[in-house]
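The structure under discussion appears below in the form of structure tokens.
Please treat every number below as a calculation from the coordinates, not as lab data. These figures come from a predicted structure and were not determined experimentally. No Cβ is skipped: glycine too gets one built from the backbone with ideal geometry, and neighbour counts run over all protein chains shown.
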Amino acid sequence: MKRLPLHWQIITGMAAGILFGLLMTNFKWGANFVSDWIAPFGTIFIRLLKLIAIPIIFTSLVKGISDLKDIASFRHIGIHTILIYTGTTVMAITIGLLLVNTLRPGSGVSQETIDELTQTYAADASLTSNIQTATQQQEGPLSFLVEMVPENIFAALGNNALMLQVILFSILFGICMLLIEPKKAKPVNQLIKGLNEIVLKMVDLIMYVAPFAVFALLAQIVVSSGSMEILQKLLIYGLTVVIGLTVMIVLYLLIIYLTTGRSPRWFLNGIAPAQLLAFSTSSSAATLPVTMERVTEHLGVDNEVSSFVLPVGATINMDGTSLYQAVAAVFIAQALHFPLEISDQLTIVLTALLASIGSAAVPGTGMVMLVIVLESIGFPADKLAIGLALIFAIDRPLDMCRTVVNVTGDAMVSVIVARTLGKLHHVPFSRKE
């Protein structure tokens, strides 16, 4: 019998969790039963996500940079590519912040509901003891640059709140691998690739329990809140993310037209199979071979460009994920009545940008990166688990949508870079599949 796809398993777990939670609200002992015997599985899942955050960022980022092969490639194509990727990511985060601050999907949740949720999760000492609060704000306009540089990399590796320092070290490590003799870097390169495969397999294993974690998290939310208030807000939140992702696709098509003179139909016809695969797998990495084939054979991008831009993009370009992080972070802050200053929103932009560089191109890592973003703005430790529980229920369907944006953004940048370097060739408007 064919196994049900993971996204359908998670959607089933979500529905079952809601129904089970509603059922338990009819019994006096229902809330305690869910808290004692169901909720811990959701807590375990959240801790597993935090566990793999640093290994994912270090291995995937170092591997992406070291795959450039030599510093000349990095200098001629790499810098140009990274600058464009950075620009599109900042654009995505900005769009997300504008939408979530305009639509305010998390506003209106009653304080009574939040107090009940907070009391429930605050009693879980095993969870709160492992959630780090954000570092204190530093004075001076360049203090954020100082904070990005680690004094001790092992201390940074042991603290999720210092993730930006890990990212900087990983970039420096990868560049230095390019600068030394290839034969000397080869053992380390193979070690990093092996470690990366192991970490990605860990993500796969963790995602196997995602349907049960969704069940536990949703059931806990329902019995804690005692109303459908939060679930209604979730639908508005999901719509906000989807609107933002749609805007990004439209902007990609506009950029393609303005820079190359090619029609949006030409671009969509070329990349559509990769988009569909991205939607079904929620993985930029799994989609990469198809993306490279479509971009090279159907969009006319020279192989020299596509073989560099697309693999690096699968590692460091996460426009859809970055937009989602911005919307999710502000939504959680709105729903849990955590005030955000303009400086906090700027912190979200910077943290989401740098965290997206190290996001592995596999399902589920967006939640890991969201933890980093929330910790960067000093989100209360006793409410962090509640916030993750609020949005995880519909994370998988949104993950499918934002992966489409990630892959489309990679293809768009490869076309732009090829056009800039004179390596965009003409191909027939349509080809047989």
Q: Just subtract the alpha-carbon distance of ALA16 and LYS201 from 0.36 nm times their residue separation and send over the number in nm, one decimal.
A: 63.9 nm
Q: Arrange LYS28, LYS184, LYS383 by Cβ neighbour counts within 10 Å, fewest through most, would you?
A: LYS28, LYS184, LYS383
Q: Be a star and scan segment 187-213 for residues whose amide nitrogen sits under 14 Å from the point 7 Å along the Cα-to-Cβ vector of ILE180.
A: 187-192
Q.
Please rank LEU268, LEU200, fewest neighbouring Cβ atoms within 10 Å first, as an exposure proxy.
A. LEU268, LEU200
(Q) Counting other beta carbons within 10 Å of each residue's own, what order do MET369, MET202 fall into, fewest first? (A) MET202, MET369
Q.
Whole-Hz ³J(HN,Hα) for each residue in segment 22-39, computed from phi via Karplus 6.51 cos²θ - 1.76 cosθ + 1.60 with θ = phi - 60°, x for glycine and proline: what do you get?
A. 5, 5, 5, 5, 7, 10, 4, 8, x, 4, 5, 5, 5, 5, 7, 10, 10, 4
**Q.** Förster radius 22 Å - calculated FRET efficiency between ILE71 and LYS193 (Cβ-Cβ, nearest 0.05)
**A.** 0.70
Q. Tell me, in nm to one decimal, what length is gained between ARG47 and LEU98 on full extension, where the rule is 0.36 nm per residue of separation less the Cα-Cα distance?
A. 15.3 nm
Q: For segment 95-102, take each phi angle, set θ = phi - 60°, evaluate the Karplus expression 6.51 cos²θ - 1.76 cosθ + 1.60, and give the result in whole Hz per residue in order, putting x for glycine and proline.
A: 4, x, 5, 4, 5, 5, 6, 7
